[in-house]
Amino acid sequence: MNAVAIEAPTLGSGWSLWRRQIAGILRLEIKKNFLSKRALPMYLLAAIPVVIMMMLALFDRGMRRGVRTNFAEAMIVFSNLHEGLILRTVIFFGCAWIFMNLFRGEVVDKSLHYYFLSAVKREVLVVGKYLSGLIASCTLFLLTTAGALFFLYLPRGVQANLDYIFNGPGWAQITDYLGITILACVGYGALFMVIGLFFRNPIIPALFVYGWEWLNFLLPPMLKKISIIHYLHSLVPVPVNEGPLAIIGEPTPQWIAITGMLIVTAIVLFLASMRIRRMEIHYGGE
Amino acid sequence: MEAVINIPISQTAKESVTAEQMIVFEDVSKFYGEILGVNRVNLQIAPGITSLVGPNGSGKTTLMNLMTGLIQPTRGRVKVLDYSANDPEIFFRKVGYCSQFDSFPAGHTGYEFVYSYLRVHGYAKNDADRMTARAIERVGLTEAAKRKVAGYSKGMRQRIRLAQSIAHQPSVIVLDEPLNGLDPMARAEAIRLFRELADEGLHLIISSHILHEVNKMSDRVIFIKEGYIKAEGEVQGVRNELEEHPLQIVVRCDQPSFLATKLFAEPHIVEVHIHDDRKGLFVKTRNTDKFYDLLNRVVVTSDLNIETVATVDNDLNAVYHYLIGARQEGE
Ligand SMILES: Nc1ncnc2c1ncn2[C@@H]1O[C@H](COP(=O)(O)OP(=O)(O)OP(=O)(O)O)[C@@H](O)[C@H]1O
Ligand SMILES: [Mg+2]
């Protein structure tokens, strides 16, 4: 072993450095959180809607007949399942698990200090972690949505489906559902990352949000807008009936729903960065 | 609270070191709510190996966490080579910290663990590979590098964390009890590595309980107790400083009570205890030379037979006990 110091390679600065650092964070996060055994419950959760649709498609004669004879009716049933089960439950709890654990999980594992001791701005760390959650949740829940749609279409047979998708409204509906899934991950992801950072016990605020989102249809129009499901609901291609008690607000136009959600996400990332900048490492005391 | 014993850095060291090469604590205090972490710390640490010594809960880890920005000072300012930890992108190119947390991100091998965080720093694949291999080689863990960290022994975990903290080739390395859990061979190896790094011109701040090793490897030592810096300076300087303080000597002889009566008459003798077996005594004196003079006179003028004379205070251990241990009992 010689005693001559070898110069460390230069790292550079600015966007090219941040891009490399974010890639490094993504690598580590995906491996640690999503390719490990502890991600298993999340995969099971994501599979639930697909399994339900598969069971219906394979074993429910009524549903098969319905899909063949009255597809518009079947789409309404699907739209309810998409909103009630996929958006409000699977993506909601999936994102809660993924995003609340981004920082909290590392405090529990006592490994956050390795990030804090790396030559990375904490803002870059926040963005990197958020993106890792987004990639994981989008991949997973896009598969969920696509899988559920696949089993919805299955009983109609190939020819009818090709016709519906390429000469009918099918393609637009599919891209809408997938787009809404992405938007749901963006919105719930940002929300839960912040909840995970600002609350000592995040379960209670998470349950509060769950209730708030479910009761959203009862709220007056002003309050409706302080919610994620409201915007997602406005974007659904096949409208979901919210029941006789619903208070009908004016629907939010698509472009406002999308930009609004992105702006809220940016604000939330900024808040998270502020929090992380000031964060101290005290594993024992928590 | 008594004054800090301040031993000046030697003349040569002082001249060759500028502020940009120092670790500087300016009136730093840290409170955890009501609990005192460290109080009113003023330090200027030059390159080389500086040991941080003190009992459990004295504030060693607090000082190191402050140095590396894992916690923020309640008051005061910390600068490392004129950089602040509030700008991590620059700061942590210069600083590596091997903390006392024996924990890892889940599911990694030793190699992946070191490599992954180099990628987080922003190093390209090839550079990260090369730096990882070198760091792991320096801690002698090349053989085990491909195994999962979860299956490592305590000493191996300690070494892979050491490799992680030096892999990006920082100029300041902060090590919180890095010899913990290492067997004697690995200890000697680690100390050799620290010496090697210090000779490359790096700063090493090392906390330790094992005074024998501190004594061997340090250029400088900082004693801390209950959040206050008790003494700092070069190892040799700290020893000299002691001469102004009572020195402890054990004498084994056949007539300890007779010797005790002679000793009590002298003003420089602070304390005398006769051993329980009545075959020796323990003496505390402010003036070693006068003590030995007296002892010689007594031996010559009486039939006292002396078996052994040993000073307790001849290394850092003594300093430690004087500053920290002894007072702890007295309080
Ligand atoms: N997160 C914390 N919350 C409250 N008190 C703390 C916290 N961290 C440290 N302390 C207190 O600060 C003091 C200094 O602790 P510190 O961990 O710095 O000591 P240390 O010298 O490193 O001890 P050890 O040799 O056991 O590692 C102790 O009284 C400790 O109880
Ligand atoms: Mg400690």
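For the reader, a short list of remarks on this structure follows.
- At least 40 Å² of accessible area lost relative to the chain alone, listed for segment A:96-141 with a 1.4 Å probe: A:113, A:114, A:117, A:118, A:119, A:121
- Debye, to nearest 20: dipole size of segment A:11-280, +1 on Lys, Arg Cβ, -1 on Asp, Glu Cβ: 940 debye
- Remark: segment A:151-286 carries a charge dipole of roughly 340 debye about the Cα centre, counting +1 on each Lys and Arg Cβ and -1 on each Asp and Glu Cβ.
- In chain A, lysine pairs closer than 22 Å at Cα, eight or more apart or cross-chain: 11
- Within the accessible area of the protein assembly as shown (1.4 Å probe), percent carbon and sulfur: 60 percent
- Simple point charges give the picture: +1 on the Cβ of Lys and Arg, -1 on the Cβ of Asp and Glu, and for segment B:246-312 a dipole about the Cα centre of about 120 debye.
- 1.4 Å probe, heavy atoms, protein only - residues of segment B:151-186 losing at least 40 Å² accessible area vs chain alone: B:169
- Among B:155, B:229, B:169 the positive-end extreme of the charge dipole of segment B:147-237 (Cβ point charges): B:155
- Peptide-level mean, for A:274-280, of C-beta atoms on other protein chains within 10 Å: 2
- Largest accessible area first, the residues A:175, B:61 order themselves as A:175, B:61 under a 1.4 Å probe with ligands, DNA and RNA left out.
- Whole-number percent relative contact order across segment B:246-312, with pairs defined as alpha carbons under 8 Å at least 6 apart: 47 percent
- Per residue, the accessible area of the protein assembly as shown comes to 46 Å² when a 1.4 Å probe rolls over the protein heavy atoms.
- Accessible area buried at the A-B interface, both sides summed, 1.4 Å probe (Å², nearest 100): 3900 Å²
- Threshold 40 Å², segment A:27-42 residues less accessible with all protein chains present than alone (1.4 Å probe): A:27, A:28, A:31, A:32
- Spin-label model, residue B:216 to residue A:37: label points 7 Å out along the Cα-to-beta-carbon direction sit 4.1 nm apart.
- Antiparallel DSSP beta bridges within the protein assembly as shown, as percent of all bridges there, nearest 5: 65 percent
- Inter-part distance, segment A:91-168 to segment A:24-80, computed on C-alpha centroids, equals 14 Å.
- Mean per-residue shielding of peptide B:120-132 is 5, counting Cβ atoms of other chains within 10 Å of each Cβ.
- Separation of alpha-carbon centers, segment A:194-210 and segment B:85-145, rounded to whole Å: 33 Å
- Karplus 3J(HN,Hα) series, Hz, for segment B:111-121 with 6.51 cos²θ - 1.76 cosθ + 1.60 (x for Gly, Pro): 5, 4, 4, 5, 4, 4, 6, 5, 5, 5, 4
- The sum of -39500 (n - 2.57) across all DSSP H runs of n ≥ 4, divided by the residue count of the protein assembly as shown, sets its helix-only mean residue ellipticity at 222 nm to -16500 deg cm²/dmol.
- Beta bridges per DSSP, both residues in segment B:5-240: antiparallel share near 50 percent.
- With a 1.4 Å probe rolled over the protein heavy atoms of all chains, the accessible area of B:191, A:203, A:91, A:182 falls in the order A:203, A:182, B:191, A:91, largest first.
- Signed unit charges on C-beta, dipole axis of the protein assembly as shown, positive-most listed residue A:47, B:280, A:127: A:47
- Calculated on the Cα set of the protein assembly as shown, radius of gyration then Dmax: 33.7, 125 Å.
- Placing pseudo-labels 7 Å out from each Cα toward the beta carbon at residue A:59 and residue A:10 gives an inter-label distance of 6.6 nm.
- Area accessible to solvent at residue B:277, 1.4 Å probe radius, in Å²: 80 Å²
- Peptide ranges A:73-86, A:217-230, B:294-307 listed from the most packed, as the mean C-beta count within 10 angstrom indicates: A:73-86, A:217-230, B:294-307
- Charge dipole (the protein assembly as shown, unit charges on Cβ, about Cα centre) - positive-most of A:70, B:132, A:252: A:70
- Relative contact order, percent, chain A [alpha-carbon distance under 8 Å, six or more residues apart]: 25 percent
The values are calculated or read from the model by the stated rules, or taken from the named source; none is laboratory data. Worth saying up front: this structure is predicted, and the values here are computed from it rather than measured. FYI the Cβ positions are ideal-geometry reconstructions off the backbone, even for glycines, and counts take in every protein chain you see. Ligands, DNA and RNA are stripped out before the accessible areas are found, and what is left, the full protein with its side chains, is counted by its heavy atoms. Shrake-Rupley method; radii C 1.70, N 1.55, O 1.52, S 1.80 Å.
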